[in-house]
1. Specify the angular offset, from 0 to 90 degrees and rounded to the nearest 10, of the alpha carbon long axis of helix 219-234 from the longest principal axis of the alpha carbons in the chain.
2. What are the ³J(HN,Hα) couplings of the stretch 186-192, residue after residue, when phi is run through the Karplus curve with 6.51, -1.76, 1.60 and θ = phi - 60°? Round to Hz, x for glycine and proline.
3. Are there GluC sites (Glu not before Pro) in the stretch 197-278 that DSSP marks as loop and that have at most 12 other Cβ atoms within 10 Å, and which are they?
4. Show the residues, 5+ positions off or on another chain, whose built amide H is closer than 5 Å to the amide H of LEU520.
5. For LYS538, which sequence-distant residues (separation of 5 or more, or a different chain) have an amide H within less than 5 Å of its own amide H, given hydrogens modelled in the peptide plane?
6. Near the amide H of TYR55, under 5 Å away, which other amide H atoms are found, from residues 5 or more places off or on another chain, if H is placed in the peptide plane?
7. Let's test the formula: R0 of 25 Å, r as the Cβ-Cβ distance of ILE416 and ASP68. What FRET efficiency results, to the nearest 0.05?
8. Starting from the Cα coordinates of the stretch 507-547, work out the convex hull volume and express it per residue in Å³.
Amino acid sequence: MIALKKRLLKPVLAVLAMNTILFSCQTPVKDQPGSKNPGDSVATKKDWWKEAVVYQVYPRSFKDANGDGIGDLKGIISKLDYIKSLGVDVVWLNPIYSSPNDDNGYDISDYRNIMKEFGTMEDFDSLITGMHKRNIKLMMDLVVNHSSDEHEWFKQSRSSRNSPYRNYYHWWNAERGKPPYRYSLFDINHDAWKYDSQTNAYYLHYFSRKQPDLNWENPQVRKEVFDIMKFWADKGIDGFRLDAFQFVAKDTTFPEFPKGFEKNFVKYYAMGPHLHDYLQEMNREILSRYDVMSVAEGAGNSFKDAHDLVDSNRKELNMAYAFDGVDIAKSNGYSLLHFKEVFSRWDSAFQNNGWLSIFLANHDQARLVSRFGNDGPAYRELSSKMLTTFLMTMRGTPYYYNGDELGMMNPGFTKIEEYRDMPTLNEYRHLKNTGGNLKKFLKEIRFSCRDNGRTPFQWDSSTNAGFSTGTPWIGVNPDYKTVNAEAQEKDSNSCLNYFRKTVRLRKDNPAFIYGRYTLLDKDNPNVYAYTREKGPRKFLVLLNFTGKPATVNTGFDLSKAVMILGNYAKPSDGIMLHPYEALVYQIK
Ligand code: GLC
Ligand code: CA
């Protein structure tokens, strides 16, 4: 067995810091194209995927149709009218392929089949038909940095050094000694090399041991992936979300990394040689041949990286999503000045060139309102609506996570037994084995664990929030009696109906999609104020990010402006804002 190496890495809490380490754009380029002369050449080339609002459905927790406690495809089908009613255009579905579920479907054992718990291929066909009938597009998760160790390729690969599948993965024969250390995000010992006695060799897994990394240098692997993409594109899907894609390209000589490499994780672990060749090949083979949208998780290490992924003349992807914004929120809060600075920087980098996406929550994050707003009873709804206003009025295709439209919040788990997330449980065991501070860890994950965003969707006030008649695979947030879709349908001021209104607003006004963005009252630490304008249409957005009244100075004479959206029944005057107030004006 592998002798456990003592590593220099500070005890990085893999789970907590994962996105920060992995996906942050850490070395921004200062001079951004177009920043000198904004209004002139604002990115206005029309594309459906720029105008779309993407709604992310986490299938395991959305709706369980057969009472086994696990959400499924039939469950989603039964809720298509609900999804349609939101006004969204695209559903991004987390992986639904066959999987032993070490990492909730991100460990795929058969890319052309449906996970048993989720249903059958017939269910999938009905799902896509039902969506297309309602004019909703379907984007699928493509998880090809790694497969499951239970995939046939890996079974063959590990069986013999002479297997034709050997080079589908990264192996290091043990007679060469131990391979240079690589950090694993999900492994209990943080070691990304796992010794396999069958062939006396180590295999590489950036994520868990059950997620061996595929070798993209092997043209056969790429061909397999493109065939899989073709299979799903021929079925009529409308997009691919490329999971952890920046990691596919690695330096496969596996050199020793210098001391302190972890501070610039992406540089050493990701965006390696040939990444762009692979993407251009994928574009030639698949993406350009279908009317599909494409988005990569992670945007590299700099704006240059991000541009290279998405500039249309390079023929790679439509967009990528960066984690700079979402990573700002820490357990001790965040600074709005920092938040404004990051989003303004990203806006200016993409106003002329390429396209970006925008999000503040997904299945890997805690709940939107708990992280960026205030989930106490007084402000949960108001701050949730305020954040929705932000996401729907900024540049970039919005990715909005299921349940956030209800203002669902973190469940407040207190015991490790309540958690299901594999890396969290591994980290807990790791700390236990090494005498780490478990109390501190439990406190941290209560704020940041991925499970916070994975509790069952709250449909109504019946047992298990109407999610399942069985025992849900993960606990339901006890607040479901009051926070649920059914109750919010009936209330015209609910978060749900406010979400519908903001989606409508975005779709009716191209200024929010293609228009120029201008930050106002830049140094105001409490209020985020900006305009979006296109042609004669100009909108002013005012967002109080605090639980106290706050003033804002925009220089506009609001007596000539028309308020078109707000989250208070009695809005303020637009100068002294109410706590967590959101206001959108049309400027005449
Ligand atoms: C991505 C997914 C995450 C998964 C990981 C490994 O970050 O969003 O859920 O665990 O990749 O596939
Ligand atoms: Ca089920």
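What follows draws every value from the coordinates through simple rules; no lab data is involved. Fair warning: this is a prediction, and the values are worked out from it, not measured in the lab. Cβ atoms come from the backbone with ideal geometry, glycine included; neighbour counts cover every protein chain shown.
1. 40 degrees
2. Per-residue couplings from phi come out as 10, 6, 4, 9, 6, 9, 7 Hz.
3. Qualifying residues, ordered by number: GLU256.
4. ALA529, TYR530, THR531
5. For LYS538, whose amide H was placed from the backbone, the distant partners under 5 Å are ILE587.
6. ASP89, VAL90, VAL91, TRP92, TYR400
7. 0.55
8. Taking only Cα atoms, the stretch 507-547 has a hull volume of 68 Å³ per residue.
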